[in-house]
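The values are calculated or read from the model by the stated rules, or taken from the named source; none is laboratory data. Here the structure is a predicted model, which means the values were calculated and not measured. Here the Cβ is made from the backbone with ideal geometry for all residues, glycine too, and neighbour counts use every protein chain on show. The accessibility values were calculated without ligands, DNA or RNA, using every heavy atom of the protein model including side chains. Shrake-Rupley method; radii C 1.70, N 1.55, O 1.52, S 1.80 Å.
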Amino acid sequence: TDGNASSGCECSEGPSDPSAFCIGAADLGMLKDSAENSTTFSGKLPVAGDVDLIRFYAHDASQFFSDEFMVKIRLSSSDPGIRMCIYQHQGAHDSDCYWTSENCPGSYFEKDGSNGVDDNADYLIKVFRDAASKPTCAGYSVFVSNGQ
């Protein structure tokens, strides 16, 4: 990852590399709190300015008596230059990307919905390499879950 392809040291992101644009985001689908769903996405961000978008819909199955809604998002990487921001859009599922309610926690995000209200929301996760960090081929994983 020296920035010179002729040295043969560049790493490949692979064919499933998500885009920095909504249309090419990795879609993890719907995570229902009643099923305590979870999934993981793995990728690479070898150069500064590289961005991967990951999206999912968190479904709040019941708001009465036993509200199990609990979204957890955890970023894991051996590279401290890889970070994430979370964007949350409340309401019915929509195929658009909304850059609202920005939260840039670094590596962990949690949304507790045990307040007895409708917590349905689209989530957009922006995983990016800090502009000041050196290029590397270290990968990252994003763990996402819903349900207590």
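Computed values, structure above
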quantity	calculated
Test: Asp79 is over 20 Å from Gly147 (Cβ atoms), acidic (Asp, Glu) and more than 14 Å from the chain's Cα centre (by Cα)	yes
Pairs where the first residue, in region 80-108, is at negative phi and the second is among the small types (Gly, Ala, Ser) and part of a strand (DSSP E or B), C-beta under 7 Å, 6+ apart	Arg83/Gly106; Gln88/Ala121; His89/Ala121; Gln90/Ala121
Matching residues in region 23-45 - criterion: being among the charged types (D, E, K, R) and open to solvent by 30 Å² or more (accessible area, probe 1.4 Å)	Asp27, Lys32, Glu36, Lys44
Criterion (charged (D, E, K, R) and in contact with a Pro (Cβ under 6 Å, 6 or more places away or on another chain)) met by exactly one of Asp52, Asp79, Asp118	Asp52
Residue list for region 15-46, restricted to those being in a loop (DSSP other than H, G, I, E, B) and aromatic (Phe, Trp, Tyr)	Phe21
